[in-house]
1. At a 1.4 Å probe radius, carbon and sulfur cover how many percent of the accessible area of the range 262-379?
2. Order the peptides 637-643, 417-423, 122-128, 446-452 from the highest to the lowest mean number of other Cβ atoms within 10 Å of their residues.
3. Quickly estimate the mean residue ellipticity at 222 nm for the chain, helices only: each DSSP H run with n ≥ 4 gives -39500 (n - 2.57), and the total goes over all residues, rounded to 500.
4. Would you mind calculating the relative contact order of the range 517-648 from Cα pairs under 8 angstrom and at least 6 residues apart, reporting the percent as a whole number?
5. Quick one: which of 556-563, 133-140, 325-332 comes out on top by average Cβ neighbours within 10 Å, and what's the full order, highest first?
6. For the range 373-443, what proportion of DSSP beta bridges, expressed in % and rounded to the nearest 5, is antiparallel?
7. Can you tell me the order of 53-65, 346-358 when each peptide is scored by its average per-residue count of other Cβ atoms within 10 angstrom, highest first?
8. Please report how far the C-alpha centroid of the range 312-342 lies from that of the range 607-663, rounded to the nearest whole angstrom.
Amino acid sequence: MVAQRMNSLLKWALILFVLVSVILNIVLISIRSGRPPKCSGQRLHPLQGKHDERSRVFADLTREEYLQVRDFMLKQEDLDISTHHLTKPSQNFLFLIDLSLPKKAEALGYLEGKGSEPAREATAVVFHGAKGHIKEYVVGPLPNPTSYRDVTVERYKTELPINARTVTIGEYALLFKLLSHEVFSKLGKLMKESFDVDQDKELDAFEQMPRGVRSGDRKTWISFFRDLAGMYIHPVGFEVLVDHQSVNASEWRVERLLYNGQYFDTVEDLRQKYETASVKKIVYKATRDYGSLKPQRKPLQLSPQQYYAEGKRFSVKDNHVLYLDWSFAFGLSSLTGMRVFDVRFKGERIAYELSVQEAMSVYGSVTPGMILTKFLDSSIGIGRFAHELVRGVDCPYDATYIDTYRYIDIQAPVRFRNSICVFEHNTGQPLRRHFADFYHNSYGGMVNSALVFRTITAIGNYDYMWDFIFYQSGSVEAKVHATGYISSSYLVDGSLKHGHQVAENVLGNIHTHFINFKVDLDVLGLKNVFQTKDMEFVNVSLPWMPERYAMIPQLMEKQLKTEQEAALRYGTKTPRYLHIASNQTNRWGHQRSYRLQVFSFTGDHLPESQPEERAMSWARYKVAITKHKDLEQTSSSLFSQNNIWTPAVDFSNYIEDNESIEDEDLVAWVTTGFLHIPHSEDIPNTVTVGNGGGVILRPHNYFDEDPSVHSPDSVYIAPGSEQRCDNNRMACLAEETCSPVLQPFTYNGFEGVMKFD
């Protein structure tokens, strides 16, 4: 009886299990049937071009090439080089390895199939502390180098003194040790009472540049900040001047100190006056961490995302990019940052090179840590600080991400994952459109979908977002946006002449941002001219009423003949249309050209009477046109910051010889930027909105018509065809919807941060 009852229970349990399973399957099927299908990860339409392996002539060095150059240099016994990251200034240190770009004529010959591949070479920078100078060597050929040669004087027309070197991690370690032994350990009471510093807590340091007031100086004011997130906006009112001019650290010394707006000659002088209450004391007060970027509230819903319904319309292979009618090669220099080469539209080369050159800021202050500060970022390394980009924030989630390798102030090349991103971007506005209301009723338009090539460099307190944008109209835009933390100083008497108060005892210091781009346009070849166009009102007699006059706009055109004539200074009236033109004409008889359209809100440039100005003389000019020379490769240099009074590169010398620019290979040096007067909304971070500048390269009579008319993105709607898809893919978009296939989220950005131990 019991057995029969158990069998009956098992039977009903089995029936119940089957019913539940059927119901669950029906529910799951209904849920899945309601979901859109996954978008194809494969490209549905073929690319409009083919990748060119010759682009490798511009490719950054590979990890293997970096190691080959390093190991080759270490074997040169006469150089006696160290690669240890804590190498002392008195030793010989291999600071930098980077690609040595080929000569332009050789590269063009190879790209056009008229010459052999240029030798692949690297530049190696050695700080010869034991000999008191800096050398640049070209090492090659790669792979497997067999020779090196000193090119220092060839490139800079002078020898480079050892004090022009960048402060290395090894030198920083010695500076921190000096401060610990000679300052903090002797001011224990002051440090605790004023800044809550003890064995378990410390202050963060930020330095002033340039390091002194005259050539040969290496004296640095170091300002101190609370050890909090965004330390740059937590100054404590304590600054120290260190003389570290000698390569022998035992000869370094503390020269002056600033505490709460008062100067002291020695550490002992400050200690005695503090302990005898002969100084106005700073009393430590806990403060909220207003520099933190942690979210203040939990996210409620996901922000809009962008994905590719039919696969990506661009392709990246090695260092070459294809996008619709565009193609270009790319690289990321440790010093100057992002650059592209051999930029072509519809197969024609538009530009040989488009690159970042320099980012410069000049600060105002009453305290020494910032009163003379003039940052020249390529001397620290702009591309050096291109870390991993965050999916969905720094770039669209489904962008293509590219790793880079660098060798600068380290023992071996470091991989920076996902440090470049490439994506096609719907700008949210039409590239062109017209609705015909009166006659021939119709609508014609085209979405402004463009390719963005991006990196972001976090150089100390500031983050610069660099974009090269390729539009379907044949235009290219190079632009920069600034974000990150402002530099600040402790509020003392007179501070408000140099900025605004942004937190308790914190001044946001006024400063300029100047950015320099190199634009080597080749418009239908190397024989180009520089033209300007503008307008003026002219008093004209009306043809049908000769006695009646009216002021009518008239086109004004001019061709500039020399480099000095084409050096267009800020602060002077500049023609609004600036063109690099070919002598070839379009169908309508006009010279085919590309226009340089500059967007800039710069502050005033440092007066030329100042001794530091020569190192940043490129910032005098909104646009300067020079004749191309291989030895005029950059507008600034690695050595400008620390020998700012006798710069290795003085850009004004490029213009001084006043060469002809008619029917020559021309280079445009474009300066943009903005004036930044910090305000309370810069806490915690400066936003990108309104903080930037750039230049657009626009075709001007280059084509016979707008080339975007041939884009597959064009839409046309005539009365009665509103629901048809043949000229309007948008009409059937609802039937084609799919959900994106996304890569899993990863982040490895902290792998390449600087370490001082």
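The values are calculated or read from the model by the stated rules, or taken from the named source; none is laboratory data. Note that the structure is predicted; figures quoted are calculated from it, not measured. We place every Cβ from the backbone using ideal geometry, glycine too, and count neighbours over all the protein chains shown. Just so you know, the surface numbers come from the protein's heavy atoms only, side chains and all, with ligands and any DNA or RNA stripped out. Shrake-Rupley method; radii C 1.70, N 1.55, O 1.52, S 1.80 Å.
1. After summing per-atom areas, the C and S share lands at 53 percent.
2. Details: 637-643: 26.0, 417-423: 21.4, 122-128: 23.9, 446-452: 19.9.
The densest-packed peptide leads the list: 637-643, 122-128, 417-423, 446-452.
3. One gets -4000 deg cm²/dmol as the mean residue ellipticity at 222 nm.
4. The value is 23 percent.
5. Values: 556-563: 15.5, 133-140: 21.2, 325-332: 24.0.
Final packing ranking: 325-332, 133-140, 556-563.
6. On the way: 8 of 9 bridges.
If we restrict to bridges inside the range 373-443, about 90 percent are antiparallel.
7. Per-residue Cβ counts within 10 Å, averaged per peptide and sorted highest first, yield 346-358, 53-65.
8. Their Cα centres are 27 Å away from one another.
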